[in-house]
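The next block holds one structure in the form of structure tokens; read it before the comments.
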Amino acid sequence: MRRRTVVLAALAAGGLVLLTAGRTWVTATGLSGGIASEATTSGGAAAPVATAMALVVMAGALALTTARRLGAVIVGVLMALAGVVIASTSVTAALDPATTAAAAVADATGTTALAQDYAVTAWPWVAAAGGVLAALCGVVAALAGRGWRSSRRYEKAPAASEPGPAAAGEQ
């Protein structure tokens with residue numbers, strides 16, 4: 001797989017996770033003891049580490065554009081780990097909505113009482129898909145990165161050797 005494809009896919013994965021951070025992941029309804037009857041939890045509050053790891057993935061994608069062989073492998077491993085963290089925290093937030101929305105419920109009610117019902121949106125699953133894509137990009141970069149050629153466009157050209165006395169007389 002080409003370096004450009006991996007970089008663009010990793011940037012898309014990180015951007016997708018960042019997009020989900022501002023969306024509502026969990027809505028808690030049936031609150032008692034407070035002013036509000038429902039409380040919502042955004043992706044940034046539900047899984048803040050996913051947002052941070054999305055930035056790591058995007059920085060890794062940019063680093064891949066200039067990394068050499070060993071550097072591409074190291075960056076790929078870090079991107080794969082960040083993708084796994086994104087996917088696992090997103091899935092955990094979706095599967096345990098009571099814990100995910102606990103802070104929002106406590107803010108709305110002023111107590112630690114649980115809500116009667118929790119509704120999970122599709123956004124944590126979208127973030128998990130972004131994490132899986134980021135992990136796949138990291139694995140591809142780690143495995144294929146050793147074979148990627150680096151551009152030497154901006155490096156200083158080697159100094160031309162000066163002709164010796166024998167070479168000057170042969171002309």
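The values are calculated or read from the model by the stated rules, or taken from the named source; none is laboratory data. Bear in mind the structure is a predicted one, so any value in this text is a computation, not a measurement. We place every Cβ from the backbone using ideal geometry, glycine too, and count neighbours over all the protein chains shown. Side chains are part of the model used for accessible areas, which takes the heavy atoms of the whole protein and leaves out ligands, DNA and RNA. Shrake-Rupley method; radii C 1.70, N 1.55, O 1.52, S 1.80 Å.
Values computed for the structure shown
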| read-out | value |
| --- | --- |
| Total formal charge among the other residues, if their Cβ is under 13 angstrom from that of Val105, Lys/Arg +1 and Asp/Glu -1 | -3 |
| Probe 1.4 Å, protein heavy atoms only - accessible area per residue of the chain in square angstrom | 57 Å² |
| Around Ser37: net Lys/Arg minus Asp/Glu count, Cβ-Cβ under 15 Å | -3 |
| Relative contact order [Cα under 8 Å, 6+ residues apart], the chain, whole percent | 34 percent |
| Structure-derived Rg/Rh (Cα atoms, Kirkwood Rh) - corresponding label in (i) 1.01; (ii) 0.96; (iii) 1.35 | (iii) |
| Extension gain (nm, one decimal) between Gln116 and Val49, 0.36 nm per residue minus Cα-Cα | 21.4 nm |
| Listed residues Arg69, Arg23, Arg149, most fluctuating in the chain (Gaussian network, C-alpha, under 10 Å) | Arg149 |
| Sulfur and carbon atoms: percent of accessible area, the chain [1.4 Å] | 64 percent |
| At least 18 Å along the helix axis (C-alpha) and Kyte average at least 0.0, DSSP helices within the chain | 3-21, 48-64, 69-95, 123-144 |
